[in-house]
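First up is the structure itself, then whatever we jot down about it.
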Ligand SMILES: [Zn+2]
């Protein structure tokens, strides 16, 4: 942990002339902060699950726009998922992405490599050739259906000292569903996605982790059964961690509206699931919060719940949502939120914290306006919500990468 500690409250009015020094870099308060306001400085947030869409889908998001969006959300490190074109399933394909990252990213971006060739689940990717460049291996966007394939992947990852990061989803249980198989789906004639499609694959993988000893992390858990399975596995000493998303903690299927901005995979589940996720946050079963920032074009998100693409953006609303709905309401402490957004993901994924910090004005309420997002994706269930927390400044590697004072021309 840096000299900063978990967070620090500063008041510019007391020292308007003060120069803010952080691990060797110097910043003048007066450059960035107004008088008579309170600010909180955090270590740079870290999101292990984002989709920056390059190469292949730059109309949805680019490394540039995605990393600017992350910086505006207080993030200085993210891990990018491999559902790209081409997918990073060989050293050559992965290099296409790392070249763009090197050229365009304003923060630290760590790419995943795929588990299987083209994420098709039939053949292992060239994991050894990508082990140095990849943060871990994942087929995010789809589950690895074959037990044998997942076992082989875990053994390979273990031999390379790498983690398997799993999107758990049993295809045969999906049956064309697109929102949670619950009250809202039944009342409004929608096809549901059952909870078992998620937790059955987690249960399978836990057995494989016990067998292989591979380090394993579960993406975006959404069901109460998933929380319980992971809780039990942790009690048994299994090398497992998991994440959930801000939306699963503060929304459930009773909040659904007939709009694509409420559609993501996994879907918003029931109230009981949401409450179990909160329990998992409180007792440490859930290690970290990741946004699953998944931008699409306005057109792709304009087709209602049934026909819109799966995925919402999250980087620019994560902290305000969690701060407003979990910290201000007393569900968790601010210190715990910093663990979930920064400390724990960095620890588990071995992502260093350099001269990386973010400064927030937390006593200001604002209305979420997706037009202000730096992400190309604008679909969020939090549109028009009134939230507390506005990012004033984000510094990555000693360099200001976002400031609300100078817009984005840093
Ligand atoms: Zn996923």
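No value in this document is a laboratory result; all are computed from the given coordinates. Since the structure is predicted, the reported quantities are computational estimates derived from the model, not experimental observations. In this analysis, Cβ positions are derived from the backbone assuming ideal geometry, glycine residues included, and neighbour counts consider all displayed protein chains.
What to note about this one:
- Most mobile listed residue (225, 361, 385) in the chain, GNM with C-alpha springs under 10 Å: 385
- Euclidean distance of C-alpha centroids, the range 173-212 and the range 303-364, integer Å: 25 Å
- Springs between Cα atoms under 10 Å define the GNM used for the chain, and in it the highest mean-square fluctuation of 174, 340, 268 occurs at 174.
- Three-way shape call for the range 98-199 based on the alpha-carbon gyration tensor, with the a/c threshold at 1.5: oblate
- Extending 7 Å from Cα along the Cβ direction at residue 283 and again at residue 117 yields two label points whose distance is 4.4 nm.
- Taking the C-alpha atoms only, the angle from helix 147-159 to the longest principal axis of the chain is near 50 degrees.
- Point-to-point label distance, residue 189-residue 95, nm (Cα→Cβ direction, 7 Å offset): 5.5 nm
- Share, in percent, of DSSP beta bridges within the range 43-355 that are antiparallel, nearest 5: 5 percent
- Difference of contour (0.36 nm per residue) and Cα-Cα distance, residue 335 to residue 160: 59.6 nm
- Rounded, prolate or oblate (a/c below 1.5 giving rounded, otherwise prolate when a/b exceeds b/c) for the range 43-355 by Cα gyration tensor: rounded
- Top of 108, 265, 188 by mean-square fluctuation, Gaussian network on the chain, Cα under 10 Å: 188
- Fewest-first sequence of 366, 42, 310, 137 by Cβ atoms within 10 Å of each Cβ: 366, 310, 42, 137
- Ordered by the count of other Cβ atoms within 10 Å of each Cβ, fewest first, 79, 342 give 79, 342.
- Going by neighbour counts of Cβ atoms within 10 Å, the residues 249, 173 line up, fewest first, as 173, 249.
- Available extension along the chain between residue 255 and residue 365 is 37.4 nm, counting 0.36 nm per residue and deducting the alpha carbon span.
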